[in-house]
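Enquirer: Following this message is one structure expressed as structure tokens.
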Amino acid sequence: GENVEQHPSTLSVQEGDSAVIKCTYSDSASNYFPWYKQELGKRPQLIIDIRSNVGEKKDQRIAVTLNKTAKHFSLHITETQPEDSAVYFCAASLGSSNTGKLIFGQGTTLQVKP
Amino acid sequence: DVKVTQSSRYLVKRTGEKVFLECVQDMDHENMFWYRQDPGLGLRLIYFSYDVKMKEKGDIPEGYSVSREKKERFSLILESASTNQTSMYLCASSLFRGRMAFFGQGTRLTVV
């Protein structure tokens, strides 16, 4: 079946440094790629998303890039802060259907050290 | 704000019990999902529903069933709970043709 691979599984950075999380997907028909942040004991929440007709999207300190040819997309967090510490999940839509089905990566635990 | 509410935060059940996990959303979303979250495995789709009384299997449906009698409510049923079903269960909803999924707060189920 289709899958999404996410790396690294854990990431530790110093406050103020940048963090990059990478994902690859297998379904060439995927056209929507969201990123979720899950703080300890809380529900996953959407932080940014990108559609296949766009190569890059930014929202303040967060950016996502998409390379459809390589089936690869990445999350970039600049000027990291301790409150960025969380588990981050990437996801890809299953095909181009409108069912809203998403395939999730395995998650990356980001620790930002003060 | 969209609200997706799961009936319990924590549940402890015995092996062989029938378990019901309830999820309610208040935004008239067509799509509803049940995921299971385990360390190192991410979120895996158990079942989803795109309309009342409609359901489709996800990646790991074995041992589970679902019910959607009303648009706002999606129930996950463990017919006979087993210890390997100990996990965090997350419900989510989204608009038809939409992509953004909103999650419930999760139910931590322990089967002993």
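The values are calculated or read from the model by the stated rules, or taken from the named source; none is laboratory data. These numbers were taken from a predicted model, which means no experiment stands behind them. Glycine gets a Cβ as well: all are built from the backbone with ideal geometry, and neighbour counts include every protein chain shown. When the accessible area is computed, the model is the full protein with side chains, heavy atoms only, and any ligands, DNA or RNA have been set aside. Shrake-Rupley method; radii C 1.70, N 1.55, O 1.52, S 1.80 Å.
Enquirer: Looking only at strands (runs of 3 or more DSSP E) that fall completely inside region A:1-77, which ones have 1 or more residues that are among the small types (G, A, S)? Walk me through how you get there before you give the answer.
Expert: Details: elements: A:4-7, A:10-14, A:19-25, A:32-38, A:45-51, A:56-59, A:62-67, A:72-77.
Correct list: A:10-14, A:19-25, A:62-67, A:72-77.
Enquirer: Being modelled with pLDDT under 95 and assigned to a strand (DSSP E or B) is the filter; apply it to region A:92-114 and report the residue that is farthest from B:L41 (Cα to Cα).
Expert: Applying the filter and picking the extreme gives A:S93.
Enquirer: What are the residues in region B:44-74 that are surrounded by 15 or more Cβ atoms within 10 Å (Cβ to Cβ), within 26 Å of A:G107 (Cβ to Cβ) and either polar (S, T, N, Q) or more than 14 Å from chain A (Cβ to nearest Cβ) (or both), if any?
Expert: B:S49, B:Y64, B:V66
Enquirer: Search region B:1-41 for residues being within 17 Å of B:K57 (Cα to Cα) and of a type in the set (S, T, N, Q), and hand back the single one that is surrounded by the fewest Cβ atoms within 10 Å (Cβ to Cβ).
Expert: So the residue we want is B:Q37.
Enquirer: While we're on this one: How many residues does region A:71-83 hold that are open to solvent by 10 Å² or more (accessible area, probe 1.4 Å) and either closer than 29 Å to B:F48 by Cα or acidic (D, E) (or both)?
Expert: Looking only at that region, the number is 4.
Enquirer: Sticking with this one: Restricted to region B:93-112, and to residues that are more than 8 Å from chain A (Cβ to nearest Cβ) and open to solvent by less than 40 Å² (accessible area, probe 1.4 Å), which residue is nearest to B:L45 (Cα to Cα)?
Expert: B:S93
Enquirer: In region A:8-42, how many residues are within 15 Å of the chain's Cα centre (by Cα), within 12 Å of chain B (Cβ to nearest Cβ) and open to solvent by 50 Å² or more (accessible area, probe 1.4 Å)?
Expert: 3
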